[in-house]
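One structure below.
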Amino acid sequence: MKKNKVIIGTRGSKLALWQAEWVKSELKRINPGVEVVLKKIKTTGDMILNVPLAQVGGKGLFVKEIEEALMRGEVDLAVHSMKDIPTDLPERLHLAAICEREDPRDALIIRQNSELHTNSSPVTHHSLLYNLSEGAHIGTSSLRRSCQLLNIRPDLNITQLRGNLDTRVRKLDEGQFNAIILAVAGVKRLGLQNRITEILSPEISLPAIGQGAIGIECRSDDEFINNIINPLNHKETSVCVRAERAFLKKLQGGCQVPIAAYARIEHRAKSTEQRAQSKDSSLITHYPLLVIDGLVGRVSGEKIIKGHLEGKPEDSEILGVKLAEDLLARGAKEILEEIYRFS
């Protein structure tokens, strides 16, 4: 059935509204005769700001109320940050599209005039993280980030930082922190990229599952909505994010556990011999390869288990599961059991 009005369910934060407005503009561009409106919905995660997410427990803290509105028919589709969407969706709902990914990495934002020291180590480090003064105060709401930071700088004083992006930057500027860690995607989408001191490499801070990607969820039996959303699905991003989500699902991870994964498609020459023999690079044939890195760590950062796999893009979810199985066999199972036992 054709509709002349489409209602998008979204959180009310600046970043969530930016994402929903972007989807709205794309839908109107593709379907000029359809009216698209936003409906702001407050989620559990928006209401509990004074408690770390790991202590709140449960999954879907930023999507549950929006999904309930979807199932009641109050909204036609929901726009989420992919990293907020649980791997198990309600029975009547599905992910209709995963939009093209922004930069998935983490950003280090250091307060102006914050004390740095000259690293006296004989090893040259390219990240300014190593030059933060001993015991520097870092703000982040993510166990994934704090685990990886403490693994390389156990002296850092890492404190819970909740709230929207503007609030976090304001707290930094007020002097509550020496530095904060945010997702590059959110910073760029809100036009604050000039505040980024350094984009952290995945070797230092492996991104969250789905970070930088926007997901569109709707009722699986709504043919009209599924059809108008379909053009917004970005095939390469979808392949990569679904690999990461398969990894997370196999680990049965939640916000209480430092888990990270980053998948991307690389284009490799057919053979090193072909590359060496051909003088004209345009004649070298390439093939796509899905590359995925993942990790599970202790909250303290004392132990991190990392893994890496490569394979065919069409086997993305299989690769995600295999990578998770590899980490579980090498000690991740014990870390997960330990965390859930005491959470």
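Taken together, the values in this text are just the output of simple stated rules run on the coordinates, not laboratory data. Quantities reported herein were computed from a predicted structural model and do not represent experimental measurements. Note: ideal-geometry Cβ built from the backbone for every residue, glycine included; neighbour counts use all protein chains shown.
The GNM of the chain, with springs linking C-alpha atoms under 10 angstrom apart, assigns the highest mean-square fluctuation among G253, G33, G163 to G33. In the chain, the DSSP beta bridges split such that about 75 percent are antiparallel, to the nearest 5.
Using the Cα gyration tensor of region 240-342, with a ≥ b ≥ c the square roots of its eigenvalues, what is the shape: rounded (a/c below 1.5), prolate (a/b larger than b/c) or oblate (neither)? In terms of gyration-tensor shape, prolate. Computed over the chain, the per-residue total of -39500 (n - 2.57) for DSSP H runs of n ≥ 4 gives a 222 nm mean residue ellipticity of -9000 deg cm²/dmol, rounded to 500. Mind telling me which of N113, N164, N178 comes out most flexible in a GNM of the chain, alpha-carbon contacts under 10 Å? Between N113, N164, N178, it is N113 that shows the largest mean-square fluctuation. Kirkwood-type hydrodynamic radius, region 106-200: 13.5 Å, calculated from all non-identical alpha-carbon pairs. For the chain, a Gaussian network of Cα nodes joined below 10 Å ranks R153, R92, R111 by mean-square fluctuation, and the top entry is R92.
With both labels modelled 7 Å from their Cα along Cα-to-Cβ, the E338 to I318 distance reads 3.4 nm. When the P(r) is computed for the chain, the part past 38 Å accounts for 19% of the Cα-Cα pairs. By the combined test of axial Cα extent (at least 27 Å) and Kyte-Doolittle hydropathy (mean at least 0.0), none of the DSSP H helices of the chain qualifies.
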